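Taking it in order: structure first as structure tokens, then the write-up.
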Amino acid sequence: MNTRRDIFQAIADPTRRAIITLIAVHAMTPNAIAEHFDSTRQAVSKHLQILMECDLVKPKPVGREIYYQLEIDKMKEIDKWLNQFRKIWENRFNQLDDVLLKLKNKKNETSLIF
């Protein structure tokens, strides 16, 4: 049985997140990526394989080299999922702001009485 990894499994690993950061600006070869890590090119290739399985990166042959580039649309899927939590926390912070403002106004009213 071939179970496909999902994008959250892929980004759970700090090395894969670092690879995503590296290739976010421009496509890179596995050798160029490997230069940024204290691991073998084979280890980097394994991480790239996982990222490809999740459709987060795609290979782009250029001559005899293969460059890996980030799939922005797949990253948007992560952002969409995170956005639901962003909205929840923004709402909670807004509620906290309201409470703090009421407390401040109440304190100001009390100090005017004395």
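Quick rundown of the values:
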item: Hits in region 56-77 (condition: basic (Lys, Arg) and assigned to a loop (DSSP other than H, G, I, E, B)); result: 64
item: Condition check for residue 43: touching a strand residue (DSSP E or B) at 6+ places or on another chain (Cβ under 9 Å) and among the small types (Gly, Ala, Ser); result: no
item: Single residue of region 4-23 satisfying the filter (surrounded by 13 or more Cβ atoms within 10 Å (Cβ to Cβ) and among the small types (Gly, Ala, Ser)) that is farthest from residue 76 (Cα to Cα); result: 18
item: Residue that is surrounded by the most Cβ atoms within 10 Å (Cβ to Cβ), among those in region 32-88 that are closer than 15 Å to residue 15 by Cα and among the polar types (S, T, N, Q); result: 45
item: Region 24-55, subset in a helix (DSSP H, G or I) and of a type in the set (Val, Ile, Thr), residue modelled with the lowest pLDDT; result: 25
item: Residues within region 1-23 that are small (Gly, Ala, Ser), modelled with pLDDT under 95 and part of a helix (DSSP H, G or I), tallied; result: 1
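The values are calculated or read from the model by the stated rules, or taken from the named source; none is laboratory data. Bear in mind that the values here come from a model prediction, so they are computed numbers and not experimental data. So basically every Cβ, Gly included, is an ideal-geometry build from the backbone, and we count neighbours across all protein chains shown.
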